[in-house]
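*Asks:* Submitted below is the structure of interest, expressed as structure tokens.
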Amino acid sequence: MKPFIYLFAMVLLSSACQGNWFSGKGGYVPDTTMLANAFETYREPTITNRRFKHADIEPLILKRQGGETFEVTQLGVSVLKKPIYQLTYGSGPKKIMLWSQMHGNEPTATMALMDLFNFLEAENDGLDSIRTLLREQTSIYFIPMLNPDGADVYTRRNAMDVDINRDARAGETVEGRILIEAAKTVKPDFGFNLHDMNIYYNVPGTSNPVTVALLAPAYNEEREVNDVRGNAMKVAASINRILQGYIPNGVAKYDDTYSPRAFGDNFQAWGASTVLIESGGYPGDPEKQFIRKLNFIVILNALMEIAQESYTQYDRAEYETLPFSASQLSDLLIRNVGAAHDSLNYRVDLSIVRNEVTDPGDYRTYHVQSRITDVGDLKEQFGYAELDAEGYHFMPGKVYPTAFNSIEQVSMAQAMDLLRQGYYAVRVTNLPEDRHHSLPLIVFNTRTPVPSGPNLGATANFFLARDNVPAYAVINGYLIDLSAIPGEQFKNYVW
């Protein structure tokens, strides 16, 4: 029985599955509405933001130990002795391996895998035909959170300070050896290398962030395409087809330069058709919950495509026509700012980035520190937020002369009033226990801030004024319209 006929028969047995699964010619057509609804139903409720730890997902894994749906295996332990698990689903002939969070600060796909586990162990919801298809046609090996030590302190590398994704050749990290041994044991036909990427990548020539980047990694220096890599390209093309329905013009290719140390390149060379999925940025989604949903949808659909071999209907040219990611995006881009240096007046564009700083006491929390990252003619640059400041001039801020006893004494209305008077910073005499705050001000206790200039590397704290009257404030890289109460959640800190 042909794979797509098999699935068609199974879907007919499921009365609640009413989506458009097949075109008139018998080709597979994914029902993205059904997949999106499944995500909402099976989203893991205990994980609501991206700074979770190994201790948060381990119970979600261990509760499935001894169950009927998954075989749970401890593959080994990390440098700091945290268990690394593999969950196996199905007993079919097509072997698929997925691994996530080999970089500790790249958690989006791990969230989606927890949601997918919930889906796979459910039943009697009208979607059992999908589970039967995957169970009978595939054997799926999930390795979530390959780098638990890095995840627990929200950093890229492992506890040896090594990038695990550059250890496929040497195999010197314990985590890298675990993945190598798993690959040797399973000998997968397909692989999914699941990562997060810098949120400042954009689709070339546009202000669109690359929300998801795809890559069928090269297996040699020449970047040749054999059947193994070609099949990965077809799977990536199927993923792109779905993503364009959610994030049109928000998909690109990741750099395909061959790396002899990288796992994706080596999996491809070992004979597993491997797709790299990189979760980037999306406006208004700092915790990557929308991108988590996209991961769930495209991973589940890709597993179905492989199970029924419908990925073969895609032309790899569809993948190859995706542009490579550019790097022209910042948090804030202000154009045509009037500035002065001694007696010289000029106009300049300013690019501003807000870097996350993980708190050493609790790695679940963070604040931001801003910097002016480029100055000059930035016509080809873009920002998540942009402002044409034609007619406005750069104005340094002032420190309010009277100290407040505590930060609780400063309301949002008072903060906005201070900004309108040109004050950007206030002092508090009592340092709060929790130094995070969401006021649009620089708040300090002992570290008196220095006013910023329109200079490369400077902190982004200044005003945009017309006729010496502030109209906009830029506080720690956040743009604030002084004519309205801001709706943004500021991640600021008391210094």
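*Asks:* At 27 Å minimum axial length over the Cα atoms and a Kyte-Doolittle cut of 0.5, report the qualifying DSSP H helices in the chain, or say none.
*Replies:* Helices passing the filter in the chain: 289-308.
*Asks:* On to the next question. Need one number: % antiparallel among DSSP beta bridges in the stretch 46-202, to the nearest 5.
*Replies:* Restricted to the stretch 46-202, the bridges split so that about 45 percent are antiparallel.
*Asks:* Per-residue accessible area for residue 417 at 1.4 Å probe radius, Å² rounded to 10?
*Replies:* Estimated to the nearest 10 Å², residue 417 gives 80 Å².
*Asks:* Separate question: Would you grab the residues whose amide H sits under 5 Å from the one on residue 392? Only those 5+ places off in sequence or on another chain, please, with H modelled 1.01 Å from N.
*Replies:* Amide H to amide H, under 5 Å and 5 or more residues apart or across chains, residue 392 pairs with 338.
*Asks:* Moving to a separate point now. If I histogram all Cα-Cα distances within the stretch 417-495 using bins 5 Å wide from 0, what percent of pairs lands in each bin?
*Replies:* 3, 15, 25, 26, 19, 10, 2, 0, 0
*Asks:* Could you state the accessible area per residue of the chain in Å², with a 1.4 Å probe and every protein chain left in place?
*Replies:* So the chain comes to 42 Å² accessible per residue, rounded to a whole number.
*Asks:* Starting from the 7 Å offset along Cα-to-Cβ, what nm value, one decimal, do you get for the label separation of residue 446 and residue 58?
*Replies:* With each label point 7 Å from Cα toward Cβ, the separation is 3.7 nm.
*Asks:* Return the FRET efficiency for the residue pair residue 244, residue 435: r is the Cβ-Cβ distance, R0 is 41 Å, and the value is rounded to the nearest 0.05.
*Replies:* Approximately 0.45, to the nearest 0.05.
*Asks:* Kindly identify the stretch 37-196 as rounded, prolate or oblate by the Cα gyration tensor criterion: order the square roots of the eigenvalues as a ≥ b ≥ c, call it rounded if a/c is under 1.5, otherwise compare a/b with b/c, prolate if a/b is larger, else oblate.
*Replies:* oblate
*Asks:* Hey, another quick one. Quick one: grab the alpha carbon gyration tensor of the stretch 423-465, order the square roots of its eigenvalues as a ≥ b ≥ c, and give me rounded if a/c is under 1.5, else prolate or oblate depending on whether a/b is larger than b/c.
*Replies:* prolate
*Asks:* How large is ³J(HN,Hα) for each residue in the stretch 65-72, as worked out from phi by the Karplus curve 6.51 cos²θ - 1.76 cosθ + 1.60 (θ = phi - 60°), to whole Hz, x for Gly and Pro?
*Replies:* Rounded to whole hertz, the list is 5, x, x, 8, 8, 10, 9, 9.
*Asks:* With a 1.4 Å probe and all protein chains kept in place, how much accessible area does residue 131 have, in Å² rounded to the nearest 10?
*Replies:* 10
*Asks:* I would also like to ask the following. Treating the stretch 251-349 as a set of equal point scatterers at the Cα positions, no solvent, please give the Debye-formula log₁₀ I(q)/I(0) at q = 0.14, 0.23 Å⁻¹.
*Replies:* For the stretch 251-349 at q = 0.14, 0.23 Å⁻¹, log10 I(q)/I(0) is -0.79, -1.41.
*Asks:* Got a sec? Charge dipole of the stretch 257-312, +1 on Cβ for Lys and Arg, -1 for Asp and Glu; which of 302, 289, 312 is way out at the positive end?
*Replies:* 289
*Asks:* So who's got an amide H within less than 5 Å of the one on residue 167, skipping anything under 5 residues away but keeping other chains? H placed 1.01 Å off N, in plane.
*Replies:* The answer is 263.
*Asks:* Excluding ligands and nucleic acids, what accessible area in Å² is computed for residue 439 using a 1.4 Å probe, to the nearest 10?
*Replies:* Spelled out: residue 439, probe radius 1.4 Å, area about 20 Å².
*Asks:* Moving on to the next point. Which sequence of 81, 95, 253, 293 reflects their accessible areas, 1.4 Å probe, from the largest down?
*Replies:* Final ranking, largest accessible area leading: 81, 95, 293, 253.
*Asks:* To continue, here is another question. Exactly which GluC sites (Glu not before Pro) in the stretch 390-474 are in a DSSP loop and have at most 13 other Cβ atoms within 10 Å?
*Replies:* Qualifying residues, ordered by number: 390, 433.
*Asks:* So for 257, 185, what's the accessible-area order with a 1.4 Å probe, most first?
*Replies:* 185, 257
*Asks:* Can you give me the relative contact order of the chain as a percent, contacts being Cα pairs under 8 Å and 6 or more apart?
*Replies:* 13
*Asks:* In addition: On a full-extension model of 0.36 nm per residue, what is the gain between residue 225 and residue 207, subtracting their alpha-carbon distance, rounded to one decimal in nm?
*Replies:* 3.3 nm
*Asks:* Let a ≥ b ≥ c be the square roots of the eigenvalues of the Cα gyration tensor of the stretch 127-221; is it rounded (a/c under 1.5), or, if not, prolate (a/b larger than b/c) or oblate?
*Replies:* oblate
*Asks:* Hey, if you put +1 on the Cβ of every Lys and Arg and -1 on every Asp and Glu Cβ in the chain, which of 415, 76, 477 ends up farthest toward the positive end of that dipole?
*Replies:* 76
*Asks:* Run the paramagnetic zone check for residue 421: 7 angstrom along Cα to Cβ, then residues of the stretch 464-495 with backbone nitrogen under 15 Å.
*Replies:* Residues 470 fall inside that zone.
The values are calculated or read from the model by the stated rules, or taken from the named source; none is laboratory data. Keep in mind it's a predicted model, so treat the numbers as computed, not measured. Please note: Cβ atoms are built from the backbone with ideal geometry, for glycine as well, and neighbour counts cover all protein chains shown. These area figures cover heavy atoms from the full protein model, side chains too; ligands, DNA and RNA do not enter into them. Shrake-Rupley method; radii C 1.70, N 1.55, O 1.52, S 1.80 Å.
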